[in-house]
Amino acid sequence: MYQSRIIGLGHYVPENIVTNDELSKLMDTNDAWIQERTGIKERRWVKPGSGETTSTMGTEAAKIAIERAGIDKDEIDFIIFATLSPDYYFPGPGVMVQEALDIKTIGALDVRNQCSGFLYALSVADQFIKTGMYKKILVIGSELHSRGLDKTTRGRGVSVIFGDGAGAVVLSRSEDAKKGILSTHLHSQGEHAKELSLVAPGMGKRWVSDILRENDPNDESYFPYMNGQFVFKNAIVRFVEVINEGLQKNNLTKEDINLLIPHQANLRISQFVQHKFGLRDDQVYNNIVRYGNTTAASIPIALTEAWQEGKIKEGNLVVLAAFGSGFTWGSAIIRW
Ligand code: ACO
């Protein structure tokens, strides 16, 4: 068995900053409510007409990760792309990155696990590398939420939370058994699928021809639905569980954690988890204040920023954890 290590990281966020005060011009909300409940001050939303999409943002993040890895793009053996906001219903954005980067005809896999998407993608990449099938895998998480949100008062419980952006890593085979991804842990509980979901244009209940004929501007099934308090309650339990699972698997304890990077769902969730593990502020990386919840992109953006800021050093124990729609949740224990 081989070991896999992250050898390059990159992130990309659109230039356009949208503050809470700007949102209060679109809907009945205010800066105090949003900050108090979520910790968010601003988020990035692509500018109309900018041409940016989930795949273009993912491509930009990937270019930076490849450059920092110090490799040629043609050394990449495989692409894994996690998103809930693909450019097309199909094909997924993995192939679009393959084309945009002009990488030879390697495989491209799309992962649909929402807030846990990046961890699922990282775990799949880790298995491919550990078994020796591939040597270098590009793993991307990218989201363009802003085009799909209900920006009226009706949608305020959801739309104020989400932001656009992308992050990417290059995962590489390594011979050093003591460093790299020590383990990943993935879970799901489909009985709660509806509690955080976007139903349309799914084929589950309606015919596309009927949807088109109805052409109903009040059709809410095209907007994300979230049972916020229920998600919150489940998230805090699962985050703690899955981090503990990862630590136990590696005979580690919370005292061994150098940096926890939780999926940026809500600052209150991150703070709950931080206190549960007795971690100091400098042991938990949060940037939801500036970006909102960027779903599959949130962990790779936060990981890249933490690394850029010198918060991750050789030999550190870095713990990644996520919870989200599905419900799905997971963790990754990394010796840097
Ligand atoms: N601005 C002002 N008021 C609002 C807003 C808003 N943006 N949104 C909702 N309200 C109102 C509601 O209408 C309600 O009013 P009412 O009491 O008159 O009926 C009141 O505020 C309270 O609404 P709740 O939904 O009960 O508010 P809550 O305290 O649960 O906070 C929130 C909502 C922030 C979504 C919270 O439930 C939460 O964080 N849940 C966790 C879910 C999460 O983190 N999701 C992130 C994405 S999923 C993921 O990544 C896991």
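The values are calculated or read from the model by the stated rules, or taken from the named source; none is laboratory data. The structure displayed is predicted, hence computed values, not measured ones. Positions of Cβ are generated from backbone atoms using ideal geometry, with glycine treated the same way; all protein chains shown enter the neighbour counts. Side chains are part of the model used for accessible areas, which takes the heavy atoms of the whole protein and leaves out ligands, DNA and RNA. Shrake-Rupley method; radii C 1.70, N 1.55, O 1.52, S 1.80 Å.
Name the one entry in Val13, Val46 that is open to solvent by 20 Å² or more (accessible area, probe 1.4 Å), among the hydrophobic types (A, V, I, L, M, F, W, C) and within 20 Å of the chain's Cα centre (by Cα).
Numbers: Val46 fails: open to solvent by 20 Å² or more (accessible area, probe 1.4 Å).
Among Val13, Val46, only Val13 is open to solvent by 20 Å² or more (accessible area, probe 1.4 Å), among the hydrophobic types (A, V, I, L, M, F, W, C) and within 20 Å of the chain's Cα centre (by Cα).
Here is a check on your reading of the model: is Glu52 surrounded by 17 or more Cβ atoms within 10 Å (Cβ to Cβ), touching a residue at least 60 places away in the same chain (Cβ under 8 Å), not in a helix (DSSP H, G or I) and not aromatic (Phe, Trp, Tyr)?
Numbers: surrounded by 17 or more Cβ atoms within 10 Å (Cβ to Cβ): yes; touching a residue at least 60 places away in the same chain (Cβ under 8 Å): yes; not in a helix (DSSP H, G or I): yes; not aromatic (Phe, Trp, Tyr): yes.
Yes, satisfied.
Give the residue, chosen from Arg68, Arg37, that is within 16 Å of the ligand (Cβ to nearest atom) and at pLDDT 95 or above. Steps first, answer last, please.
Working: Arg68 fails: within 16 Å of the ligand (Cβ to nearest atom).
Exactly one residue qualifies, and that residue is Arg37.
Is it the case that Ala177 is surrounded by fewer than 16 Cβ atoms within 10 Å (Cβ to Cβ), of a type in the set (A, V, I, L, M) and more than 16 Å from the ligand (Cβ to nearest atom)? Walk me through it before giving the result.
Numbers: surrounded by fewer than 16 Cβ atoms within 10 Å (Cβ to Cβ): yes; of a type in the set (A, V, I, L, M): yes; more than 16 Å from the ligand (Cβ to nearest atom): yes.
In short, yes.
Any idea which residue in the range 214-264 is farthest from the ligand (Cβ to nearest atom), counting only those that are assigned to a loop (DSSP other than H, G, I, E, B) and open to solvent by less than 20 Å² (accessible area, probe 1.4 Å)? Reasoning before the result, please.
Within the range 214-264, the first condition is being assigned to a loop (DSSP other than H, G, I, E, B), and the residues that meet it are 215-219, 223-224, 227, 250-253, 257-258, 263-264.
Then keep just the ones that are open to solvent by less than 20 Å² (accessible area, probe 1.4 Å); that gives 257, 263-264.
Working: Ile257: 21, His263: 6, Gln264: 8 Å.
Here the residue is Ile257.
Which one of Val289, Val318 is away from the ligand (no atom under 11 Å from the Cβ) and open to solvent by less than 10 Å² (accessible area, probe 1.4 Å)?
On the way: Val289 fails: open to solvent by less than 10 Å² (accessible area, probe 1.4 Å).
Just one listed residue meets the conditions, Val318.
What's the number of the only condition in (1) open to solvent by 90 Å² or more (accessible area, probe 1.4 Å); (2) basic (Lys, Arg); (3) assigned to a helix (DSSP H, G or I) that Arg268 fails to meet?
Among (1) open to solvent by 90 Å² or more (accessible area, probe 1.4 Å); (2) basic (Lys, Arg); (3) assigned to a helix (DSSP H, G or I), the lone unmet condition for Arg268 is (1).
Residues of the range 17-45 being assigned to a helix (DSSP H, G or I), touching a residue at least 60 places away in the same chain (Cβ under 8 Å) and hydroxyl-bearing (Ser, Thr, Tyr), which ones?
Thr38
For Leu84, indicate whether it is surrounded by 20 or more Cβ atoms within 10 Å (Cβ to Cβ), among the aliphatic types (A, V, I, L, M), modelled with pLDDT of 95 or more and closer than 30 Å to Gly157 by Cβ. First the steps, then the outcome.
Working: surrounded by 20 or more Cβ atoms within 10 Å (Cβ to Cβ): yes; among the aliphatic types (A, V, I, L, M): yes; modelled with pLDDT of 95 or more: yes; closer than 30 Å to Gly157 by Cβ: yes.
Judged against the criteria, Leu84 is a match.
Search the range 109-125 for residues being surrounded by fewer than 24 Cβ atoms within 10 Å (Cβ to Cβ) and of a type outside the set (A, V, I, L, M, F, W, C), and hand back the single one that is nearest to the ligand (Cβ to nearest atom).
Going residue by residue through the range 109-125, those that are surrounded by fewer than 24 Cβ atoms within 10 Å (Cβ to Cβ) are 109-110, 112, 123-124.
Applying the additional criterion that residues be of a type outside the set (A, V, I, L, M, F, W, C) yields 110, 112, 123.
On the way: Asp110: 19, Arg112: 15, Ser123: 18 Å.
Top of the filtered list is Arg112.
When the range 295-315 is examined, which residues are found to be touching a helix residue (DSSP H, G or I) at 6+ places or on another chain (Cβ under 7 Å) and open to solvent by less than 10 Å² (accessible area, probe 1.4 Å)? Quick ask: steps written out before the conclusion?
Taking the range 295-315 and keeping what is touching a helix residue (DSSP H, G or I) at 6+ places or on another chain (Cβ under 7 Å), we get 295-296, 299-301, 312.
Passing the criteria: Thr295, Ala296, Ile299, Pro300, Ile301.
What residue, of Gly141, Gly155, is at pLDDT 95 or above, of a type outside the set (D, E, K, R), under 24 Å from Arg37 (Cβ atoms) and open to solvent by less than 50 Å² (accessible area, probe 1.4 Å)? Reasoning before the result, please.
Values: Gly141 fails: under 24 Å from Arg37 (Cβ atoms).
Just a single option satisfies the conditions, and that option is Gly155.
Quick test for you: out of Val199, Val242, Val237, pick the one residue that is in contact with a strand residue (DSSP E or B) (Cβ under 8 Å, 6 or more places away or on another chain) and more than 21 Å from Pro86 (Cα to Cα).
Val242
Could you tell me whether Lys194 is without any contact (Cβ under 8 Å) to a residue 40 or more places away in the chain, assigned by TED's automatic domain parsing to the domain that holds Gln248 and over 17 Å from the mean Cα position of the chain (by Cα)?
Numbers: without any contact (Cβ under 8 Å) to a residue 40 or more places away in the chain: yes; assigned by TED's automatic domain parsing to the domain that holds Gln248: yes; over 17 Å from the mean Cα position of the chain (by Cα): yes.
Criteria met by Lys194.
Can you tell me which residues in the range 295-320 are in contact with a Ser or Thr (Cβ under 7 Å, 6 or more places away or on another chain) and not in a strand (DSSP E or B)? If you could, list the steps in order and put the result at the bottom.
Filtering the range 295-320 for residues in contact with a Ser or Thr (Cβ under 7 Å, 6 or more places away or on another chain) gives 296-297, 301, 319-320.
Selection gives Ala296, Ala297, Ile301.
Looking only at the range 183-213, count every residue that is open to solvent by 50 Å² or more (accessible area, probe 1.4 Å), away from the ligand (no atom under 14 Å from the Cβ) and closer than 27 Å to Ile257 by Cβ and tell me the total.
Number of matching residues: 1.
Could you check, for the range 88-111, whether at least one of its residues is closer than 27 Å to Gly228 by Cα, in a loop (DSSP other than H, G, I, E, B) and within 21 Å of the chain's Cα centre (by Cα)?
yes
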